[in-house]
1. Give the lysines reachable from Lys444 as a straight Cα distance under 19 Å; neighbours fewer than 8 places away on the same chain don't count.
2. Among the listed pairs Lys27/Lys128; Lys100/Lys275; Lys27/Lys82; Lys41/Lys275; Lys76/Lys100, which have their C-alpha atoms separated by more than 31 angstrom in this model?
3. Starting from the Cα gyration tensor of segment 4-100, multiply each eigenvalue by 5, take the square root, and state the resulting semi-axes largest first in whole Å.
4. Can you pull the three principal axis extents for the Cα set of segment 115-230, in Å, largest first?
5. Net charge near Val566, counting Lys/Arg +1 and Asp/Glu -1 over other residues with Cβ under 14 Å of its Cβ?
6. Between Thr117 and Phe194, what FRET efficiency comes out of the Förster formula 1/(1 + (r/R0)^6) with R0 = 30 Å and r the beta carbon distance, rounded to 0.05?
7. Loop-only check: which chymotrypsin sites (Phe, Trp or Tyr not before Pro) in segment 126-193 are DSSP coil with at most 11 other Cβ within 10 angstrom?
8. Rounded to the nearest 10 degrees, what's the angle between the helix 419-430 long axis and the longest principal axis of the chain, both from Cα atoms, 0 to 90?
Amino acid sequence: MTKPVTLTMDGVQIEVPAGTLIVNAAKMAGVDIPVFCYHPKMEPVGMCRMCLVEIGRPVIDRATGEKVLEEDGSPKIQFSPKLELACATPVSEGMVVLNKSENAKRGRKDILEFLLTSHPLDCPICDKGGECPLQDLTMGFGPGVSRYLYDEKKHLAKQYPLGELIMLDRERCIQCGRCVRFQDIYAEDPVIAFTHRGRSMEIVSYSDPGFDSYWSGNTTDICPVGALTTMDFRFRARPWELRAAASLCTHCAVGCNLTLNVRREAVSGGEWVVKRVMPRQNEEVNEIWICDKGRFGYHYAAQNPERLRQPLVRKNGELEPASWKEALDLIAERFEQAGQGLLTLAGGRLANEDLFNLGKLTKGLGGKTVLYSHMGGGKLTSRVGLTPGSNLIDLGAGSGDEPPDAVLVVGCDLEEEAPLWWLRVRQAARRGAKLIVLNPRRTKLDNSASYVLRYPFGNAAMAVLAMVNALSQKQPDLPESVQALSRDPDLQAAAKAFAEARNALVIYGSEGMGLVESSALAQACANLLLTTNHVGRPNNGLICAWPHANEQGAWELGWEPDENLVESLKQAEALYIAGADPVSDDAAYQPSFGSDKFVVVQDLYLSQTARLADVVLPVQSWIEREGSYTSGERRVQRFYPALPATTALPPKAEAPGVRAASVLTRSAPELEGPQADYAIPALIAERLKIEALNYSNAAVVFAQIGETIPVFAGLTFQKLAEVHEQWPIVGRGDMYYGGTTYENTQGLGVQLKLAAPDAGQPPLAWPQVVDFKLPSLGMMAFPVTRLYDQGSTLMRTELLHQRIGEPYVVLNGSDAGRLKIADGGKVRITFSNTEQSTIVQVRLDNELPERVVLVPRSYGLFISGPTPVEIRQAN
């Protein structure tokens, strides 16, 4: 523990840890010291001088080393002749700080007058108005009148786009450097910088496209003035008009905490609409940051004219609008006929409550549940994953004689698959943790790693088993290629650092892998953790970078993927598909939807899979309802409704491909509009009289989960809503210290306890690994994940289309030369598993091995795992 230091601030004695900066000590004591350039998540630079305070220190007798005392016995205090920076001065024993003295006030008044000499009087039209630190501090400390002549003000560009996401007003910038420092040091994306000097200093972007970073939106949160604003919010609302609703990001497994700002507006017909997405503080999850995908990619769930508004039933070969009663009665009849022949396929974006009710309905009929995912290993993350009390922010250098912590990232481009984990793992490395990156190709995380190791594409599990064998010959009969890897000095050093670490965790992804390969990798990672005794305690264990928000929750609730999904779909008599669109992902699934098979799809939109269904049911999005997700760190978190479900849709718009709605006669109690995903299976079960499932309240469904699923025992929505004090302290009352991030008052979530192993199936096992060899002829495609893709959840955000781009593949320069293909050219790629061919753009990467083709997921290219392909010039 850090030794405490006692000091006096404005006459009040406080005690804080040694080394604490004065500005942070003041915050802990409830005293506000104004700042512009300082931010508690970044190192101080002392650029703005707004935090000037008077500082006195005890006089020390040089001869004795003792404090000199006054006549009354109190320590004699000597004040510095000049004001000092509270943001750059650590506390010391006996220090006296005067924050409200006349000298301190005069110093701040002078600083504000200097800042305002070239700052425009834009407050009435500035988007930052109402949450602007400069505005607030000018009212509190600034001069009432300006002595500066208006004609001598420095005039600069008012609307300078740094990119298509962020607009810069150069006149408003006060050169605090927060944005530049965040991008350079915190996000490792130094794509913006200062240019020129003095009053001519400006921010510029050096990337193409402009401000090319996944983290650009965070600079608008920490900007203390209205210099940086987001393109989708500027001039669209004033902060005081907005209401805030606590929510969660659904784009990946991190589970970032969000605040959705909504308001009612005339331009939308008097309906409630989402105006912007802001980070909500949770220091155990996303701290105070979110990536741009989470910030801008919400439009698919909000106001969109293509949203389904009522059930559709196939009649005479076409989907026609129907009442809920007609649709549910038909479903109940056909599901009862199918019985054990029912297969329910659910996606990882569904909430815990949805998956629970879907599972209960399916099992009540004797059917089969399948999780739609290209990743495996969820049983292992349940057994050897993170435990309660884990927090990536605690990882770093060991204290005293303790060794540093270790993080192994394997088979994963972490910034693309789970951006906030990438940010937090990098910070752990900066604090002294040993970061090991084990990947078949270079990623940005390599720059922060202590050990960078490579393995051939297709051999991720073998590489981790080689680390296990490098520590001890647990399995001497492994293939020779594994034995060779085990003898590599760099791999041996990395394995030793991992084994000796105080705490160690493994994050695995799906780089170049499908379901089979990722399952084998998960088992290999579990073996490494068990062998080195890094399980069962906080900050130790296995984490999967799942592709969707609640895939970990699905595994905890008993859902698993099917390695032979195509065959299982063909054999089923009835299909119930929720939150998944397999036909859009892979054409191989389309033949499974025969004319004699009854298919029900519940979704937000009329997806490609829904177009083949017999019944399509409209559902509410996560913005319109409440529920819970379980993150990859096994933290169960609650989200709240931001919009009323009845106002989330535009007035009138038929989904493409659906016959125009006929006039339906509805009785008063009949359901109308989209329903929550958990409610629909409960309504079907009610008709089948198989089990009483709740369809009116997510809290009741979650309470049932807590009563029936052991790892959820004791959890309720009330428990998930509990909060405790966090550091740094942020809030809407003081936006100059931590930015415009929202304080978390509606729940930090609860981490699950480890699941008990199945009888006769211990976690330690040796997966069947094959020495994967690239073909001597032809080429092998490996799937990779990109943060911005052409998935249905992102393509409805037009603001991101430039970043998404067109479908492409990545080739080695030698392969491209042999095929006479130039960088940026077009090729036709044919996948052997489906014989589907597509014309795509080519990008070259000479670090790739020959005959390796990288294919991004969710770009309309049918790939779920390593697949042989044929590439030729496009005609």
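1. Lys293, Lys434
2. Details: Lys27/Lys128 23 Å; Lys100/Lys275 39 Å; Lys27/Lys82 23 Å; Lys41/Lys275 27 Å; Lys76/Lys100 21 Å.
The pairs that break the limit, which is 31 Å between Cα atoms, are Lys100/Lys275.
3. On the way: eigenvalues 124, 36, 31 Å².
Semi-axes, largest first: 25, 13, 12 Å.
4. Cα extents, longest axis first: 42, 27, 23 Å.
5. Numbers: positive: Lys570, Lys597; negative: Asp562, Glu563, Glu567, Asp585, Asp586.
Its environment carries a net charge of -3.
6. Details: r = 19 Å, r/R0 = 0.62.
It comes out at approximately 0.95.
7. Working: sites: Phe141, Tyr148, Tyr150, Phe182, Tyr186; in loops: Tyr148.
Here no chymotrypsin sites (Phe, Trp or Tyr not before Pro) fit, given the DSSP loop and packing criteria.
8. 50 degrees
The values are calculated or read from the model by the stated rules, or taken from the named source; none is laboratory data. Because the structure is a prediction, the values reported are computed rather than measured. In this analysis, Cβ positions are derived from the backbone assuming ideal geometry, glycine residues included, and neighbour counts consider all displayed protein chains. Keep in mind that these areas ignore ligands, DNA and RNA; they rest on the heavy atoms of the full protein, side chains included. Shrake-Rupley method; radii C 1.70, N 1.55, O 1.52, S 1.80 Å.
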